[in-house]
Structures are given as structure tokens and as C-alpha cells.
1. Once you place label points 7 Å from the Cα toward the Cβ at residue 56 and residue 80, how far apart are they in nm?
2. Please list, by residue number, everything in the stretch 42-64 whose backbone N is under 15 Å from a paramagnetic label point 7 Å out along Cα→Cβ of residue 32.
Amino acid sequence: MMTYAPLRSVILFIGVLIMSKHENYDFEALSLGSTGCMVLMVQKTLNSIGYELENNGVFDDKMDEIIRDFQEQRDILVLDGVVGVETMIELDRLFGLVK
């Protein structure tokens, strides 16, 4: 049986971030120009569901386009290219972390 430990780590990290938001901790949305480990986690998560992004921690034009595509496929999301709370929740929902 194949395991996906790195993917589970990414998903759990995003889940923790979402729980933190609901507990009134600061949450900084990710958008064009953002960099860092949260961008990298979102890149890895998007790649795990079939998108093709470079795992480099940089929110570039291609990632903006992919985020907009992801949002467009889910009518409940605002089509703005920003990885805000609702987009993060939807990413987690795909993996059953948020009901």
C-alpha cells in the first residue's frame, strides 16, 4: 500500500491554519507576489490534485492563473486569485478535513 506522508503533512498544516483563523489568530491571505512556506504548501496541495506548479514558494502569475481556475470550478468561491480563508477551506474540503 502506498502512503502519502508528505501530502498528509501539507494538508494537516493547512488544516491547522484554518483552525487558527477560526480562533481569531491572524491570517494573511496569499496573493500575487506572496512568498514563503504557506505559498509552498498551497503549491504542493494544488499539484496533488492535478495542477502543475513549480514548488518554489513564490506566488507568481502562473499560480494566480491556477488559483483563479480552482476558484472558477467551485462556484462558491470569489474569483479573485487570492488564497483567502474560503479558498483554503475549499482546498481542505477536497481532502475531507473540513465538513
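1. 2.7 nm
2. So the set is 59-64.
Coordinate-derived values only; no laboratory data. None of the values given here were measured: they were computed from a predicted structure. Heads up, the Cβs are rebuilt from the backbone with ideal geometry, glycines too, and the neighbour counts pull from every protein chain shown.
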